[in-house]
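Down below is the structure, laid out as C-alpha cells.
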Amino acid sequence: MVLSNREKIIQLLAQNMHTYVSGQWLSDQLGISRTAVWKQMKHLKEDGYHFKAVPNKGYRLIDMPDKVSENTLFWGLDTDVLGQMLEYHDQLTSTQDLAHTRARENKPDGYLIVANSQTNGRGRLHRAFRSENKNGAWFSFILRPELSPVEAQKITLLTAVSLVRTIKQKTTLEPKIKWPNDILIGDKKLAGILTEMQAEQDQIHYMVIGVGVNINQRLEEFPEELRQTVTSLLVETDERFKRRYFIQDFLKHFEALYRTLLTDGFKSIKQEWEKHAFKLGETLDYRLGKEEKTGVFVDIHDSGALLIEHEGKTERLYSADIHWFKGDKSGC
Ligand code: BTN
C-alpha cells in the first residue's frame, strides 16, 4: 500500500502515542521539509486529530477522530489473528456478501470486512437489517473453525458474550442477550449477530460472522418504523463512542473467548451467556410445529439450543419460534 505523507505522519504518530516525536524526526522519516510537516499537522488538527505539542520535545498524538479506515482499524488492534487482514469500504451492499466471496477466494481465518454503511444489510430469517446509517459498526469476519456444524451455534453465543463484554467495558449499561443473536438494552435492540456457514455433514468449510451494532445514532436517525424497538449506545448513555475502538475491543474479546472454546470447551462461555440471558427462568409463549405452547425458559443446551420446560418435559428449540414480547406472535 502506498501511503500519502499525511497517512505516513498519522501512522508514525499513532505508533508513538506513548512519546513525543519532533518535527525534525518526522521530516527526516518522510524526506520532506519541516514546513511541509507543520502544514500537514495543521490540516490534521482541523480534521479532528488532537496533539500535545511541547517545545523542544515535539508532538504527541492524543486522540484521533471517529474515522474508520483500514489504517485506523489496524493501529492499536491487539489481536493475534482476528482482523489482522482486513478490508474497509465506505459502502457495501452487505459485509456478509463480500465476506462469503473472500472466503471462497480462500482468504484466511480472521479476515475482516468493515463497512461504513450497508445498502442491503441482512439479518436472520432473511430479514432486512437497516444499516445505511454511518454511525454504526457493521462488520463481518471469516472463521475456519475445527468444529462440527452442529456446534456452530456456539459461535453465535460466543459472539454475543463478546459483545456484552465490549459494551460493559465501555459503559455501565446492563446488556441482555436475547437468544440466540440479539443484544438488548432494556427491551430495545442494540446489536444483532448473523452467523452463516458453508459446511458438509461433519465439517465446517468456513463461517461468516456478521455483527451490527448501533453506536452513535440518535433516535431520529433510525427509520421511523424501528424507533420503538431499537436503541444505540449514544441514545442510552448520551455519549459518543469511537466505532473503530469498539470493533477492535470486540475482536480482542472474541479472540480470547474463541481460544477458550477451542482449548477448554464451552462451559465457562455458556455460564457467562446465562448470566446475561434475556428472560432466563421466565415463562414464554412459543410455537412448536403447529402448536402454540407456554413453558419456562430453563437453560441452553451445549449445542446452543434453547431448553424450555413444558408439562414436566424439556423441549429443545432450534428455530425462532419464541414470542419474546407480549402480543408478539411472529417469533424473532
Ligand atoms: C439480526 O439482527 O438478525 C442480525 C443482524 C446482523 C447484521 C450484521 S451488520 C454486518 C453484517 N452484514 C449484514 O448484512 N448483516 C450483518
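The values are calculated or read from the model by the stated rules, or taken from the named source; none is laboratory data. Predicted model only: the values in this text are computed from it and were never measured. All Cβ positions, even for glycine, are placed from backbone atoms using ideal geometry, and neighbour counts span all protein chains on display. All accessible areas refer to the heavy atoms of the entire protein, side chains included, with ligands and DNA or RNA removed. Shrake-Rupley method; radii C 1.70, N 1.55, O 1.52, S 1.80 Å.
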Number of the condition not met by G210 [criteria: (1) modelled with pLDDT under 95; (2) within 16 Å of the ligand (Cβ to nearest atom)]: (1)
Positions within region 12-35 being buried (at least 16 other Cβ atoms within 10 Å of the Cβ) and in a helix (DSSP H, G or I), in sequence order: L12, L13, A14, G23, L26, S27, L30
Matching strands (runs of 3 or more DSSP E) fully within region 45-158 where at least 2 residues are within 16 Å of the ligand (Cβ to nearest atom) and among the small types (G, A, S): 112-118, 136-143
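Name the residue, out of L82, L86, L61, L13, that is closer than 17 Å to F246 by Cα and either β-branched (V, I, T) or in contact (Cβ under 8 Å) with a residue 40 or more places away in the chain (or both).
On the way: L86 fails: either β-branched (V, I, T) or in contact (Cβ under 8 Å) with a residue 40 or more places away in the chain (or both); L61 fails: closer than 17 Å to F246 by Cα; L13 fails: closer than 17 Å to F246 by Cα.
Among L82, L86, L61, L13, only L82 is closer than 17 Å to F246 by Cα and either β-branched (V, I, T) or in contact (Cβ under 8 Å) with a residue 40 or more places away in the chain (or both).
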Residue in region 250-260 that is in a strand (DSSP E or B), closer than 26 Å to P65 by Cβ, in contact with a strand residue (DSSP E or B) (Cβ under 8 Å, 6 or more places away or on another chain) and among the aliphatic types (A, V, I, L, M) present: no
Meets criteria (more than 15 Å from the ligand (Cβ to nearest atom), surrounded by 18 or more Cβ atoms within 10 Å (Cβ to Cβ), over 21 Å from V114 (Cβ atoms) and not β-branched (V, I, T)) for E224: no
The lone exception for L125 - which of (1) touching an Asp or Glu at 6+ places or on another chain (Cβ under 9 Å); (2) under 14 Å from I193 (Cα atoms); (3) open to solvent by 30 Å² or more (accessible area, probe 1.4 Å) it fails: (1)
E105, sole failed condition from (1) modelled with pLDDT of 95 or more; (2) of a type in the set (D, E); (3) not assigned by the TED database to the domain that holds T195: (3)
